Amino acid sequence: MNMLLLGGYKLLLKALKLGLEEEGFTVDVANVGPDGDNKVRTTSYDMLVLDLVPPLETALTLLATWRRAGLRTPVLALTPEGTDGEREGAGVTAWLPKPFGLDDLLDRVRTLAGAGRRHDNPALEMLVPAATPLSARNKVPTRVNSKSLLEVSSW
């Protein structure tokens with residue numbers, strides 16, 4: 001999974017990047033500003049993790065701009081301690097209040113990643129090579145969805 005961490009505290013972003021990469025994620029880092037805006041507009045990411053640092057409105061305004069431009073990527077917002085984080089219409093997919101542990105972040109990221117995959121491909125379809133002799137003999141369908149996978153797995 002390819003994700004972009006956006007924020008203003010370099011030390012926090014560096015620690016989060018290290019932890020996420022150790023878990024197998026591909027992570028880019030950018031500030032909330034022109035650098036982040038450029039990366040979001042020019043690179044396809046599976047998820048954005050947005051560290052909401054004061055002033056909060058800068059990050060949320062930028063996110064609203066991306067959403068109006070058609071950004072559908074899930075966004076996990078890390079909220080400052082003492083804020084509720086629940087801002088109606090902000091364009092945030094999920095919120096994680098600070099302080100949090102790396103395990104909390106990983107759980108939230110994995111949950112959002114799974115939800116995104118189900119949304120993008122609800123039938124869990126995969127292609128089976130049509131020229132496979134076994135599939136021809138046993139009449140295995142060339143397009144398999146989650147229901148037919150259960151049937152095939154019972155062999």
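Throughout, read-outs are computed from the coordinates displayed, never taken from laboratory work. Keep in mind that this is a model prediction, so the values were computed, not measured. Here the Cβ positions follow ideal geometry from the backbone for every residue, glycine too, while neighbour counts run over all protein chains shown.
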statement: If the chain between D37 and L12 were fully extended at 0.36 nm per residue, the gain over the current Cα-Cα distance would be 7.1 nm
- prompt: Order of 1-8, 100-107 by packing, highest average Cβ count within 10 Å first?
  reply: 1-8, 100-107
